[in-house]
Amino acid sequence: MNSKRSWVICCFLNFIVASIMGLMIRFAYLFPFKSINYIYLLHAHSHVAMLGWVYIVIYVLTVHFFIPKDKSDKPIYNQLFWITEFTVLGMMISFPIQGYALFSIVFSTLHILLSYVFCWLVWRDHSKDKKGVEKLLIASILFMVFSTFGVWCLGPTINMLGKQSVFYQIAIQFFLHFQFNGWFLFAVLALFLKQFKNGIETKQFKTFLIGLIVATFFTVAFPISWYLKSSILKWVTILGVLSQLIAFIYFYKILKPQIKVFKANLDSITKKAYGLALCSLSLKIIVQLIVVLPNLADISHQIRSWVIGFIHLTTLGIITGFLFGILLQNNLLPRKAYLLKIGVKCFFFGYVITEILLFMQGIFYYSGKGLLFGYYEAIFGASIFIVAGLLSIMISVLKTKIRFD
């Protein structure tokens, strides 16, 4: 089997496992089962989704698009991939059994150390033409390294202040913020812009990049403000959200001259994937503008369905939407296969319905109306579509040979 084809298969196997874990979590609300610890399963789901799907598939596409073939064919990239996958399997097994404990912490720590190796390889081997897209990629790997500072603070914080301390919670939010809004978002945007064959070297790109970097640093003030009350943090958050809005206005200006030609070369399923990603990105910007309002800023993180909805908006909508689009556009998924088209549509349907339910439930809680009628049954049913969609995609990949040229 072609090594890079096996990489893609591995990515989707991880994604399927993470989605099944998510389905089990929602099943547990309907039929609680004592044999599985809910919190342990939640930790397993989040780690496998982040590190087994998002991280690994970004690894694959970064090597494919940004590392010259004479370098990407070196054994180090294949070896590093499978060692990293070994740590994902370790987390997949250890987290449901013991939660945060010896083995899960060991595997998580190894994954971080291996990610440093990956960042160093990308820094060393990526094409050195200093185009804007390459700058976006380098920013993403720097954010990845920067995000892990939060993880390294956890051990000393537990020893000195305990898990209930404010600093412990801030360290976790620091890691998550710069993973999602730094490493993951910058990486998928770099991969997306790489698909524009005529390049995107415009005067607006520098403004977009600087604005997005400033926004990423400033908006970390929002999760910090959940634990430290300060008017300064609120103003920094507002500046960050406005900077993000300006950055993506320039992002639109960058794409506008080429978007018609770009769309003309895409089939319908790829257009749907990119459309989902861009719509989700727009919704994320709108949501972040809304939640800085005083009445919502203090309570938004306390409504669990909103928190989960926002995380899924980023991971399933924006990041996975862009990743699906890139994979489909470049025939790294068999886009002409009927089963794949059904699978992608099924996945998108499940994602959209679960997002609607999560945000509606949050509105019900916020307005004091309690639980939405049939909420747990409906969200479980919608989640089945996500799992079924991924299984269909996986079957179509296994049945079709993929070429990595």
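The values are calculated or read from the model by the stated rules, or taken from the named source; none is laboratory data. These figures come from a predicted structure and were not determined experimentally. In this analysis, Cβ positions are derived from the backbone assuming ideal geometry, glycine residues included, and neighbour counts consider all displayed protein chains.
Tell me, please, whether a residue that is among the hydroxyl-bearing types (Ser, Thr, Tyr), under 26 Å from Gln204 (Cβ atoms) and not assigned by TED's automatic domain parsing to the domain that holds Tyr376 can be found in the range 277-284.
Pass one, the range 277-284, residues among the hydroxyl-bearing types (Ser, Thr, Tyr): 280, 282.
With the extra rule that they be under 26 Å from Gln204 (Cβ atoms), the set shrinks to 280, 282.
Narrowing the set further to residues that are not assigned by TED's automatic domain parsing to the domain that holds Tyr376 leaves 280, 282.
Yes, the range 277-284 contains a residue that is among the hydroxyl-bearing types (Ser, Thr, Tyr), under 26 Å from Gln204 (Cβ atoms) and not assigned by TED's automatic domain parsing to the domain that holds Tyr376.
Out of the residues in the range 389-405 that are at pLDDT 80 or above and either assigned to a loop (DSSP other than H, G, I, E, B) or among the β-branched types (Val, Ile, Thr) (or both), which is farthest from Cys346 (Cα to Cα)? Going through the qualifying residues, I end up with Thr400.
In this entry, Thr354 passes the filter for residues that are part of a helix (DSSP H, G or I), under 20 Å from Phe380 (Cβ atoms) and in the same structural domain as Ile384 (by TED's automatic domain parsing). When the range 1-42 is filtered for residues that are buried (at least 17 other Cβ atoms within 10 Å of the Cβ), within 18 Å of Gly99 (Cβ to Cβ) and aromatic (Phe, Trp, Tyr), only Tyr40 remains. Residues of the range 71-88 that are modelled with pLDDT of 90 or more and either among the charged types (D, E, K, R) or surrounded by 15 or more Cβ atoms within 10 Å (Cβ to Cβ) (or both): Tyr77, Asn78, Leu80, Phe81, Thr84, Glu85, Thr87, Val88.
Over 18 Å from Ala171 (Cα atoms), surrounded by 18 or more Cβ atoms within 10 Å (Cβ to Cβ) and of a type in the set (Phe, Trp, Tyr): which single residue out of Phe218, Phe251, Phe222 fits that description?
From the options Phe218, Phe251, Phe222, the qualifying one is Phe251.
Considering Pro257, Pro223, the condition of being touching a His at 6+ places or on another chain (Cβ under 9 Å) and either in a helix (DSSP H, G or I) or basic (Lys, Arg) (or both) is satisfied by Pro223 alone.
Here's a check for you: in the range 89-103, which residue that is without any contact (Cβ under 8 Å) to a residue 60 or more places away in the chain and either among the aliphatic types (A, V, I, L, M) or closer than 28 Å to Glu134 by Cα (or both) is surrounded by the fewest Cβ atoms within 10 Å (Cβ to Cβ)? Restricting to residues being without any contact (Cβ under 8 Å) to a residue 60 or more places away in the chain and either among the aliphatic types (A, V, I, L, M) or closer than 28 Å to Glu134 by Cα (or both), the top hit is Leu102.
Screening the candidates Leu340, Leu332, Leu327 for the property of being touching a Pro at 6+ places or on another chain (Cβ under 9 Å) and in contact (Cβ under 8 Å) with a residue 24 or more places away in the chain yields one hit, Leu340. Checking Val48, Val117, Val106 one by one, the residue that is buried (at least 21 other Cβ atoms within 10 Å of the Cβ) and part of a helix (DSSP H, G or I) is Val48 and no other.
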